[in-house]
Every structure is written in C-alpha cells, then in structure tokens.
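S.K.: Have a look at this one.
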C-alpha cells in the first residue's frame with residue numbers, strides 16, 4: 001500500500017502494547033519507539049500531566065477521554081516532523097467485529113474530548129487513500145477529532161485528504177473553544193470542519209490536487225456553527241497554498257448537518273494570503289440547495305493574494321472596520337488566553 005513520503009522520514013515504527021514508565025516520579029511520561037502513545041494516555045492519573053513523544057512513527061489510534069483534563073502532548077524535539085501519530089481508516093471502513101463502519105468521527109487517528117488539552121510539536125495524520133479502497137464510498141478519513149473546551153494546538157501538522165480536522169464540541173449546545181497557532185493543515189474536501197469556536201492564527205492551509213475532472217476539487221472550510229453561538233471559525237494572519245491548478249478550490253461551503261438543521265455556519269478569514277488555488281471570482285459554494293452560502297455568516301477582511309481579488313463584490317462579503325473589532329482572537333476565546 002502506498003504511504004505518504006512524510007512517514008518514510010519520521011523514524012522507527014511504534015509498537016502497540018508497551019507501557020512507558022513515569023520518569024523519576026515526576027508528572028511527565030516519556031514515549032519512545034516501541035511504546036504506545038495510547039498506553040501513556042491510559043496511564044495518566046490526575047490533571048496537568050505531560051506526555052513527551054520522542055522521534056518516531058507511532059501507527060495507532062489515540063483517544064483522550066474527557067476525564068484526562070489539562071493533558072499536554074509534547075513532541076520531544078518540538079519539530080512536528082519528528083514525531084508522527086498515524087493510522088489509516090475511513091468513514092466506510094468496516095469494524096473488525098462486524099458491527100458496521102466507523103463513521104466520520106470514528107475514522108479519526110487522534111480523538112480528544114478532554115478540556116484544557118495542549119498539543120505541541122507533533123504530526124497527526126490519517127494516510128487512508130481513496131485509490132487503495134475503490135470499494136469504499138464513505139471516504140472521509142479524519143486526522144484529528146477534537147472536542148472539549150480550551151484545546152490548544154501549536155506547531156502541529158494535521159495531514160489527511162477528506163475531513164482532515166474535525167473541530168467540534170462536546171454536545172450540540174456547547175460553545176467549546178479551540179486554538180490553533182503556527183499549524184500546517186492539508187487536505188482536499190471540507191478539510192477543516194465542525195461547530196467549535198476555533199481560532200486559526202498564522203496557520204498554513206494547503207489544498208491537495210485531486211484526480212477529478214470537475215471543479216471545485218474541494219473546499220478548505222466547512223463550519224457547522226450552532227445558531228446561538230456568536231463565534232465560529234476565525235482564520236487570521238495565515239496563508240492558503242495549493243497543489244492543484246489555479247482556481248480549483250473554494251474557501252468554504254456551509255455544513256448544516258442532518259442532526260442539527262438549525263446550524264448557522266460562521267467563518268471569518270482575515271489578513272490572510274490566499275494563493276491562486278482559490279477561486280477568486282466565486283470563493284464560496286453551497287453544500288445543499290436548502291442552505292445557500294449567502295445566508296450564512298461568511299466574511300472576509302483585508303485578505304491578500306491572487307485568491308483574494310474582489311472581482312465580483314457580491315461573492316465576497318467583507319467586514320467593515322467596525323465589525324472587524326468583534327472578530328479577533330480575544331473576542332472568540334474570551335477569558336481563555338492560551
């Protein structure tokens with residue numbers, strides 16, 4: 001099976017089942033090749049623990065439950081390319097016990113419902129490929145499914161194809177906050193999606209080329225913000241690049257899930273460099289006819305680059321200077337300062 005090039009450079013393969021030991025009685029757990037990151041998570045007791053992941057490729061699924069608050073996962077070298085957590089399953093992958101398929105959320109390599117999570121200097125990836133599984137139609141394959149308030153990711157690489165990052169909340173009425181800074185996120189279809197209040201600061205979004213004969217090839221964002229939530233996704237001071245041809249991608253489309261038909265997706269992209277891969281003429285598109293993007297809370301502010309050219313003003317709703325004051329990191333995160 002074909003694997004991504006980033007895995008070849010990531011080091012030795014982690015072996016499941018080995019349980020690391022606490023170092024010197026401190027609140028720090030070290031994971032090295034031959035250990036399991038999940039075993040380290042399971043060994044954590046109490047709040048405010050740290051798991052240091054040493055260079056290597058850890059092929060496993062990691063699930064951090066809600067009862068592990070304040071957990072920190074830290075790449076030992078701080079270079080996210082050195083420590084990689086990766087697995088390969090999709091929405092339509094059948095469970096080994098025959099009970100059905102995993103579904104979108106269940107396809108995730110990394111899942112966390114823990115409040116106060118911090119992740120720094122790691123790669124989280126799902127290397128499931130459509131070409132290897134032509135019989136599977138549920139092709140969503142999530143790298144990270146994150147819920148829980150005050151989840152912070154810095155210098156993290158998130159790699160997959162469809163539905164890379166599921167930035168969600170613990171339940172339909174929660175306004176859980178997430179913060180991503182200096183992260184690299186790549187994918188093709190709706191690869192940043194969900195209903196969380198999420199701030200993406202200085203992040204690099206990269207769209208992948210798809211072997212399809214139609215446009216758009218995909219969309220960067222697909223928010224599903226709850227109607228009662230004043231804040232959805234905020235991307236600021238970042239950049240969007242593309243491995244596809246010019247104009248092949250949209251900035252976003254709204255996601256109104258069947259289980260939450262009152263959703264009112266919200267996205268603000270501001271002071272961000274939009275490369276030529278973004279369709280400047282019509283950068284937004286509907287997901288379903290019943291929920292046109294024009295009725296959603298989609299706005300831009302002072303973006304630059306060829307993908308940000310305003311050629312058809314009605315297709316590019318802009319914030320005024322006065323409105324922009326309400327769309328900042330502080331406004332979205334409130335009393336939390338990660």
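S.K.: Apply the Debye scattering formula to region 46-178, with a single equal point scatterer on each alpha-carbon and no solvent, then give log10 I(q)/I(0) at q = 0.10, 0.19, 0.22 Å⁻¹.
M.R.: -0.32, -1.06, -1.29
S.K.: Sticking with this one: Sorting 87, 166 on the 10 Å Cβ count, fewest up front, what's the list?
M.R.: Details: 87 20, 166 24.
Ordered from fewest to most neighbouring Cβ atoms within 10 Å, 87, 166 come out as 87, 166.
S.K.: Given 0.36 nm per residue, what is the gain on full extension from residue 209 to residue 137 after removing their alpha carbon distance, in nm?
M.R.: Working: separation 72, 0.36 × 72 = 25.92 nm, distance 1.91 nm.
Going from the current span to full extension adds 24.0 nm.
S.K.: Give me the Kirkwood hydrodynamic radius of the chain in Å, from all C-alpha pairs, to one decimal place?
M.R.: Values: mean 1/r = 0.0497 Å⁻¹.
Kirkwood radius, the chain: 20.1 Å.
S.K.: How do 85, 185, 51, 310 line up, fewest other C-beta atoms within 10 Å first?
M.R.: Details: 85 28, 185 25, 51 21, 310 14.
Fewest-to-most Cβ neighbours within 10 Å comes out as 310, 51, 185, 85.
S.K.: In addition: For region 76-131, just say rounded, prolate or oblate: build the C-alpha gyration tensor, square-root its eigenvalues into a ≥ b ≥ c, call rounded for a/c under 1.5, and beyond that prolate if a/b exceeds b/c, oblate if not. Before the final figure, lay out each step's value.
M.R.: Details: a/c = 3.36, a/b = 1.71, b/c = 1.96.
Oblate, because a/c is 1.5 or more while a/b does not exceed b/c.
S.K.: Each label point is 7 Å from the Cα along the Cα-to-Cβ direction; what then is the distance between the points at residue 94 and residue 321, in nm?
M.R.: In this crude label model, residue 94 to residue 321 measures out at 6.3 nm.
S.K.: To the nearest 500 deg cm²/dmol, what mean residue ellipticity at 222 nm is calculated for the chain from DSSP H runs of n ≥ 4 alone, each contributing -39,500 (n - 2.57), summed and divided by the residues?
M.R.: Details: 5 runs with 24 residues, N = 338.
My calculation for the chain gives -1500 deg cm²/dmol from helical runs alone.
S.K.: Between residue 105 and residue 294, what length comes free when the chain is fully extended (0.36 nm per residue of separation minus the Cα-Cα distance, one decimal in nm)? It would help to have the intermediate numbers written out before the result.
M.R.: Values: separation 189, 0.36 × 189 = 68.04 nm, distance 2.78 nm.
So the chain would gain 65.3 nm between residue 105 and residue 294.
Since every read-out is calculated from the coordinates, none of them should be taken as a lab result. Quick caveat: nothing in here was measured; it's all calculated off a predicted structure. Glycine also receives a Cβ, built like all others from the backbone with ideal geometry; neighbour counts cover every protein chain displayed.
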